[in-house]
Amino acid sequence: MRFGKKGKLSPRYVGPYQILRRTDKVPYKLDLPNELASVYPVFYVSMLKKCVRESASIIPLEGLGVNEILSYEELPVAILDRQVKRLRNKEIGSVKVLWRNRLVEGATREAEGDMKSCYPHNFPSTPILS
């Protein structure tokens, strides 16, 4: 049975799922969701991978503003850095954006023009000279 895409882009592991019980020395029975009802729920240990979660990457759902389709809008909090790449005929500006509900390590580089058009309140009206 294929899970999602096929070929090189198919996922190696699907889950995480809770282990219900150990049926023998090697096989384990898993608690699979209803979408995987056609899959036999007993797997050998060699087919399983331990799920290790980093507590820093888990965001609490309280105060996130999650809507009915379990998504939320990310808003920029601050511009951390500005960078200009010079090509032959033009300059491309990018900014490092700190997003709400993310750590500093989760800051991303975005095109400066796109960020100014979507979130003009995060950019000062007069340019800052350094």
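The values are calculated or read from the model by the stated rules, or taken from the named source; none is laboratory data. Small disclaimer: the values here were computed from a predicted structure and weren't measured. Cβ: placed from backbone, ideal geometry, glycine included. Neighbour counts: every protein chain shown.
Go through region 35-47 and give me each residue that's part of a helix (DSSP H, G or I) and under 12 Å from TYR17 (Cα atoms). It would help to see each step written out before you state the result.
The first filter runs over region 35-47 and keeps only residues part of a helix (DSSP H, G or I), leaving 35-36, 45-47.
Result: LEU36, single match.
Quick one: is GLU62 modelled with pLDDT under 80 and in the same structural domain as ILE19 (by TED's automatic domain parsing)? Lay out the reasoning, then the answer.
On the way: modelled with pLDDT under 80: yes; in the same structural domain as ILE19 (by TED's automatic domain parsing): no.
Spelling it out, it is not the case that GLU62 is modelled with pLDDT under 80 and in the same structural domain as ILE19 (by TED's automatic domain parsing).
Would you check if ARG82 is surrounded by fewer than 10 Cβ atoms within 10 Å (Cβ to Cβ), modelled with pLDDT of 85 or more and of a type in the set (D, E, K, R)?
Values: surrounded by fewer than 10 Cβ atoms within 10 Å (Cβ to Cβ): no; modelled with pLDDT of 85 or more: yes; of a type in the set (D, E, K, R): yes.
Against the criterion (surrounded by fewer than 10 Cβ atoms within 10 Å (Cβ to Cβ), modelled with pLDDT of 85 or more and of a type in the set (D, E, K, R)), ARG82 does not qualify.
Quick check on region 94-114: of everything there that is at pLDDT 85 or above and of a type in the set (Lys, Arg), which residue is farthest from ARG82 (Cα to Cα)?
Only one residue fits best here, namely ARG109.
Could you say which residue among SER117, SER46 is exposed (fewer than 10 other Cβ atoms within 10 Å of the Cβ), among the hydroxyl-bearing types (Ser, Thr, Tyr) and either under 28 Å from ARG12 (Cα atoms) or at pLDDT below 85 (or both)?
On inspection, the qualifying residue turns out to be SER46.
What are the residues in region 85-106 that are within 18 Å of PRO120 (Cβ to Cβ) and either among the β-branched types (Val, Ile, Thr) or loosely packed, with under 10 Cβ neighbours inside 10 Å (or both), if any?
Within region 85-106, VAL95, VAL97 meet the criteria.
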